[in-house]
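Just so you know, all these numbers are worked out from the coordinates, no wet-lab data involved. All values reported here derive from a predicted model rather than from experimental measurement. Cβ placement follows ideal geometry from the backbone for every residue including glycine, while neighbour counts extend to all protein chains displayed.
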Amino acid sequence: MFVTKPFVWLWLLIFKTLILPLYSFAHKTKFKSQHVYQDRHDLYQKLSKYFSYSFLILLVLLTAYRSLEANNTAPEDFGKDTLIFSLTKTGEDFIDNENITEGPITTNDKVVDSFLKNEALSEDDVIIEPDLPDNWQDSLTIFTPDDSALEAPEIGDPSMIQTKRTEVIEYVIESGDVLGSIAEKFEINVATLLWANDLTVYSVIRPGQKLKILPTNGLIYKVKKNDTLDAIAKQYQSDVNKIIEANKLASANSLQIGQDLLLPGGIKPNTYAPTTRSVASVFKPEPAAATSGGGGELLWPTNSTRITQYYGWRHSGLDIGNKKGQPIYASEAGKVETAGWNSGGYGYYVIINHGNGLQTLYAHASELYIAKGDSVSRGDVIAAIGSTGWSTGPHIHYEVRVNGTRVNPLDYIK
């Protein structure tokens, strides 16, 4: 007990003289720091609030001042008193507007006349003599279909204007010509070209060969003994008045034996039905000899002979490959029974009824040039090659139907 007392006294001495004062000092310091932080925080909030109000008031005052000052600034000097302008301006930008005065320019230099003064025309030198119709401006003004813009008018050479041809002319076949392209060039159908030159669809034409070109669709007829104009017009489905006009006849009774008559719109009578046989017997596929030779042949339906698929038990017609847009011809004269879209695979197609149970079908066209109910002649262009419907490329699907039954087209066109 006596031994431990000195240590207790020492501990109490250290505690009272060192530890307790240090603890008291640390506690007071912590309290004061918290108080100072709280005071600073309150001061910051007050300053932030007043600073926002002060900044807003200063901004309004500056805006008002700049608005008043802008009234005295010339438009060309707008923005030149800014800091950015003063840093980026060049020597060309220094213009002293204060020294610019309005009024006439005063100078002691001699005024130099224009070198064109003596060459210029005065109002007295110009004489305008209009020799144009009152609406000449309208003839040179062409609007687009929606009237939204002007188009440049096409003013052709008057010497190049061609009047409607009334005479039969000769054409020399050139390299690359085919019957279809020649007919299209002269705006006639292929049948007219064939009839005028005693050709068939299988005839071979060569460069240098001459062809007769009629001025219109129709044919040439040589007048025979006892012929009358009424009988000729009726037989070839033409019109008496048109025949008189086209041939410049004095009257319907002024025919001469051996005279060549142009029959506008005339159609050559079908030669595939001999008088000793019925139409049904002519269009019977067997025997093949019944349809061979010159009679009973339908016109090939386009200007290409490239067969891509033949008729068979799985294919109801003949596929003929050709370029898109090439012509499709009517194989024979008749009436358009159907013309339009077929959702069953034909695409745009045409069916022509030639009478006596004979029909032809033309499918996959890109364009149709005829409508249901139209009458067509042999060789008329009725559509354009395409690839509509169930098709893998431009071609024509061609069918021949006899009494509603699809038959092999090759038995009737060659």
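Tabulated results
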| quantity | calculated |
| --- | --- |
| Amide H contacts of T338 (H built 1.01 Å from N, under 5 Å, at least 5 apart or other chain) | I351 |
| Hull volume in cubic angstrom per residue (convex hull over the Cα atoms of segment 169-264) | 101 Å³ |
| Listed residue (L318, G344, G373) projecting farthest to the positive dipole end of segment 279-413, Cβ model | G344 |
| Binned Cα-Cα distances of segment 279-413, short to long, each 5 Å bin given as a whole percent | 2, 11, 22, 25, 22, 12, 5, 1 |
| 5 angstrom amide H check on W390, placed H, neighbours 5+ away | G345, Y346, G347 |
| Positive minus negative residues near S24 (Lys, Arg vs Asp, Glu; Cβ under 12 Å) | +3 |
| Packing rank of 331-338, 388-395, where each peptide gets the mean count of other beta carbons within 10 Å, highest leading | 331-338, 388-395 |
| Cross-link table K5/K30; K210/K242; K268/K323; K224/K248; K224/K335; K224/K268, entries beyond 25 Å C-alpha to C-alpha | K5/K30; K210/K242; K268/K323; K224/K335 |
| Magnitude of the charge dipole, segment 169-264, Cβ model with Lys/Arg +1 and Asp/Glu -1, debye to 20 | 280 debye |
| Student exercise, segment 279-413 dipole from Lys, Arg, Asp, Glu Cβ charges, in Debye to nearest 20 | 200 debye |
| Long-range HN-HN contacts of Q326 with modeled amide H, under 5 Å | I385 |
| Segment 180-187 - phi-based ³J(HN,Hα) in whole Hz, Karplus 6.51/-1.76/1.60, Gly and Pro as x | x, 5, 5, 4, 5, 4, 9, 6 |
